[in-house]
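The values are calculated or read from the model by the stated rules, or taken from the named source; none is laboratory data. Remember, it's a predicted structure, so these values are computed and weren't measured experimentally. Please note: Cβ atoms are built from the backbone with ideal geometry, for glycine as well, and neighbour counts cover all protein chains shown.
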Amino acid sequence: MTHVKLSMAQALNQALRDAMRADDTVLMFGEDVGALGGVFRVTDGLTAEFGESRCFDTPLAESGIVGTAIGMAMNGMRPVVEMQFDAFGYPAFEQVVSHVAKMRNRTRGKITLPMVIRMPYAGGIGGVEHHCDSSEAYYAHTPGLTVVAPSTVADAYWLMRRAIEFPDPVIFLEPKKLYWAKEEIDLGTPEPGIGKAVVRREGADATLIAYGPTVPVALEAAEAAAAEGRSVGVVDLRSIVPFDDETVCAAVRSTGRAVVVAEASGFASVSSEIVARVTERCFHSLAAPIRRVTGFDIPFPPPHLERHQLPSVDRILDAVDDLQWEDS
């Protein structure tokens, strides 16, 4: 039976389990991922099934975790490591940008690093700073890294399987607030691979471009826009690097209007790059400047202010209304 109903956390767990069953070189390690099963229980039961040699706890030393994974990947293993929370990855940043991202180029392709760095990321859980950052721009800016962010349960499973099989390092961003979202998925029918965006909703009047945690919000906004008489489509990037220019630009050319929706701060961000790329490629098809709805350019706020920081349906609808409509 390949059709099962899972939460995103369960789908990630299943992907890890299936990959570890299929390939003895795949192993999982990080802080509290062993007996506890991880803060969000994504690694629940893996130590019990595969033993402490393949799913194990580490000291609280993110730089050491990634450095160890580099050595393992250089010597035939396929390590998957967890940073526990997005901003906990900052102590390992030097390892990521100086070695993980550069090893293939440094050795002229003789050494590859087939490894996955899992990062529960973004807000929506009422957490505090260092627990709710959206740090994708740092990794997307670094040549040599592949960066993906699922928004659906099916994508969580299939993107993780593809990331583990990938010959080069993958930064795998897991939207924390979607861990408990459930849907029925088909484990026998693969979703599109890394580097491929998907149109989640067709639209004729405007296009919302989103990824990870903002895709469900964009879909909700598109539904609300329909009630107001506007047909708004939604493109889910799924993969930030590589970027699917073809799918995104085709959607924007068909509507002539676009809004980019992301939780991260707007300045010098992935959303900035999306606007630049789409404008360069679709300028003559645009009926209005591309708008952005992002987090504000501030450190992540305390839990009681989080709702103001995160993109909302109302903020997205305001941006859509600002797209220079002839009837406005």
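Restricting attention to region 124-146, the residues that are surrounded by 16 or more Cβ atoms within 10 Å (Cβ to Cβ) and at positive phi total 2. Looking only at region 168-198, residues that are crowded, with 24+ Cβ neighbours inside 10 Å and either part of a loop (DSSP other than H, G, I, E, B) or small (G, A, S) (or both) come to 1 in all. Close Cβ contacts (under 7 Å, 6 or more residues apart or on different chains) running from residues in region 84-105 that are in the same structural domain as A122 (by TED's automatic domain parsing) and closer than 21 Å to A264 by Cβ to residues that are small (G, A, S) and assigned to a helix (DSSP H, G or I) comprise P91/S63; A92/S63.
Condition check for L16 on (1) touching a strand residue (DSSP E or B) at 6+ places or on another chain (Cβ under 7 Å); (2) more than 23 Å from K176 (Cα to Cα): one failure, at (2).
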